[in-house]
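Undergrad: One structure follows; several queries about it will come next.
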Amino acid sequence: MIDFPRWKYWLVALVMAVGLLYAAPNAFRPQQAVQIVANRDAKVDAALQKQVAADLDKQNVPYQDISIEKDRMLVRFANTDVQLRGSDVLRVALGDDYTVALNLATTVPLWLQKIGAHAMPLGLDLQGGVHFLMAVDQNAVLQKQQQRYLDDIRSMLRQKQIPADSVSLSGDGVQAVFKASDDRDRAEAAIRGDATDLTLSDSRTPGGGYALHAEIKPDVLQKLAQTTITQNVTTLRNRVNALGVSEPLIQQQGQTRIVVELPGVQDTAEAKRVLGSVATLEYHADDPNVNPQEAARTGDVPPDDRLYYMKDGTPVVLKKRVIVSGDELVDASSGYDQQTGMPNVNVTLNSTGARKMLDFTTENVGKRMGVVYIETTPVVKIVDGKEVHSSKTTETVLNNAVIQGVFGKKFQTTGLTQQEAQTLSLMLRSGSLAAPMDIVEQSVIGPSLGQDNIRKGERAVILGLVLVLIAAAIYYRLFGLVADIALVFNLLILIAVMSAIGVTLTMPGIAGIVLTLGMAIDANVLICERIREELRNGSTPLASIRAGYEKAWSVILDANVTHLLAALGLITVGSGAIKGFGVTLFIGISTSLFTSVTMTHAITALIHGGRKRKLKTLWV
């Protein structure tokens, strides 16, 4: 009898069952849908569900189902044409209160989703969508950092009462000019103790002044550039959530560029609007001498004031002068007020903003201060066949609270619900881009082209699989059929693993699958040839089978390890399509090691090892 442990039979059976289970969701095609997400002042509820159904029925747009999933609504349609019509109708009907985006809804049964079995996400080339290549303006990064140091140095000199003739931007830093060398020395000591990111040097000016140069260190600039890219990637990833994209690709490319791929999205204008939006806060003093209701009714507002509205529509009259703006905000986090237990946003200002806030609150304890939330979103319209870019700004007063005490660098903004506090802190922290970006390249892949790529990819996989199966069965007969069974399960297990870990399938990934099928059969070729050699040398059939697997294993392992190293190199160094090919190849080789050796050995042992009569020959 062939010496094959019983526990390996159970292992093979378990792997086969799990592979079938987790590969099954890929048989369920996703369904075209429109996703509706509420903006800050709206809700996704049963009332909206009835409104959406009525709007679609009014325009004779057939839909299959309307469901609410967590904080979003999905409207399912039969095909892409109806989906696009429904999207246009709902965008007009719902207006700015909701974000309406194209999406693909899963049709995988709920019981499979509960055990973590999901369909493999498709890439841009298979699903269709939009591709953006965005360049970060590094000069703006430098200028913004220089301006921050400029404000900090001016504030420091003012606090320490060090007179300076001028403080201005110069080169990659800041230059301060003093009348006396003692003042320059005092300033240098103060800056050196507070700003470790600057290199200080001194010189004389043509006018006889004493200049102090504070330049940003090169390593700090390099770190700042990388941090800017990282923050912009995070910002874009947060904003893409509003588009309802299931598997977006947002990654850095080179030193100054970011690639954004949004599978399933066909509206480039909507994508640009969300990616380019900016959110910030402004703090204004309340004008107690003006009646807001009367000002709203008559439109009579003093020239130094401005009429705003709160979220519930209540009018508020605030001074035009900005106390502190979002540009001076360093950090924001949501939390709860320790005294009232109400949600709030904890705000941290830089030194300039802290000084302004401290000065204002010191003089205005007991008076009101309004917090204005400003959201600017780019608007792209098609006029005479050309894109026209503009922007839309929405200003809302979050609260107009009484100043209870003096504060400066750190304080709280209240008057929000828990969800609003979390959303606002997120947009303040990562909602503003660290540096402006320009779209230098864009392309749209239609869903029909994606479906065509899927059909071609399926044909390539099926054709490659069938040819290999036929060749193996003809040349190695029974052992070839065993290898064919293992090869089919290798494909299923490969798909199951990729689905379970969320690998996005692309055209290069399909190429990796086809290549894996061809390479997987190599192991069985080595085993069958080794068994034939043992039979020619006079070994018994069972001994030949045992020796064939034992002696071929080292060769199979050596060959596959080199392939794994090559795939690992593609994953590590490559990006985009090259990386996708490497990931698929790495997983496929790993699974083929199990199916080509362990699974075929188990099947062979079941066929030949359980016979009571002596095995005289092998059909190989």
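The values are calculated or read from the model by the stated rules, or taken from the named source; none is laboratory data. Because the structure is a prediction, the values reported are computed rather than measured. FYI the Cβ positions are ideal-geometry reconstructions off the backbone, even for glycines, and counts take in every protein chain you see.
Undergrad: State whether the residues of the range 524-545 include one that is at positive phi, free of Cβ contacts under 8 Å to residues at least 24 places away in the same chain and not in a helix (DSSP H, G or I).
TA: Scanning the range 524-545, I find at least one residue that is at positive phi, free of Cβ contacts under 8 Å to residues at least 24 places away in the same chain and not in a helix (DSSP H, G or I), so the answer is yes.
Undergrad: Also, quick follow-up: Identify, from the list MET134, MET156, MET120, the residue that is surrounded by 14 or more Cβ atoms within 10 Å (Cβ to Cβ), in a strand (DSSP E or B) and touching a residue at least 60 places away in the same chain (Cβ under 8 Å).
TA: Answer to the selection: MET134.
Undergrad: Considering only the range 24-60, how many residues are assigned to a loop (DSSP other than H, G, I, E, B) and within 29 Å of VAL497 (Cα to Cα)?
TA: The number of residues fulfilling the criteria is 3.
Undergrad: Being surrounded by fewer than 18 Cβ atoms within 10 Å (Cβ to Cβ) and under 30 Å from MET310 (Cβ atoms) narrows it down to one residue among GLN49, GLN64, GLN35, GLN59; which is it?
TA: GLN49
Undergrad: Can you pull out the residues in the range 169-200 that are hydroxyl-bearing (Ser, Thr, Tyr) and under 15 Å from TYR210 (Cβ atoms)?
TA: SER170, SER181
Undergrad: In addition: Looking at GLN147, GLN127, can you tell me which residue is touching a residue at least 12 places away in the same chain (Cβ under 8 Å), closer than 30 Å to VAL220 by Cα and not acidic (Asp, Glu)?
TA: GLN147
Undergrad: Hey, another quick one. Assigned to a helix (DSSP H, G or I) and at pLDDT 85 or above: is that true of THR562 in this structure?
TA: yes
Undergrad: Right, something else. Say we look at the range 94-117 and pick out the residues that are of a type outside the set (A, V, I, L, M, F, W, C) and part of a helix (DSSP H, G or I); which of these is surrounded by the fewest Cβ atoms within 10 Å (Cβ to Cβ)?
TA: LYS114
Undergrad: Among the residues of the range 194-215, is there at least one that is farther than 30 Å from GLN451 by Cα, under 26 Å from the mean Cα position of the chain (by Cα), among the hydrophobic types (A, V, I, L, M, F, W, C) and in a strand (DSSP E or B)?
TA: no
Undergrad: If you don't mind, there's one more thing I want to ask. May I ask you to list the residues in the range 553-601 that are among the small types (Gly, Ala, Ser) and either over 31 Å from the mean Cα position of the chain (by Cα) or not assigned by TED's automatic domain parsing to the domain that holds PHE479 (or both)?
TA: Hits for the range 553-601 are SER554, ALA559, SER592, SER596.
Undergrad: Answer with yes or no whether SER544 is more than 34 Å from the chain's Cα centre (by Cα), in the same structural domain as ALA17 (by TED's automatic domain parsing) and polar (S, T, N, Q).
TA: Taking the combined requirement at face value, the residue satisfies it.
Undergrad: Among all residue pairs at least 6 apart or on different chains, which show Cβ distances below 6 Å where the first residue, located in the range 67-88, is modelled with pLDDT of 90 or more and the second is among the polar types (S, T, N, Q) and not in a strand (DSSP E or B)?
TA: That search, which allows pairs on different chains as well, returns ARG76/GLN64; PHE77/GLN83.
Undergrad: When you go through (1) assigned to a helix (DSSP H, G or I); (2) in contact with a Phe, Trp or Tyr (Cβ under 9 Å, 6 or more places away or on another chain) one by one for LEU21, which number turns out not to apply?
TA: (2)
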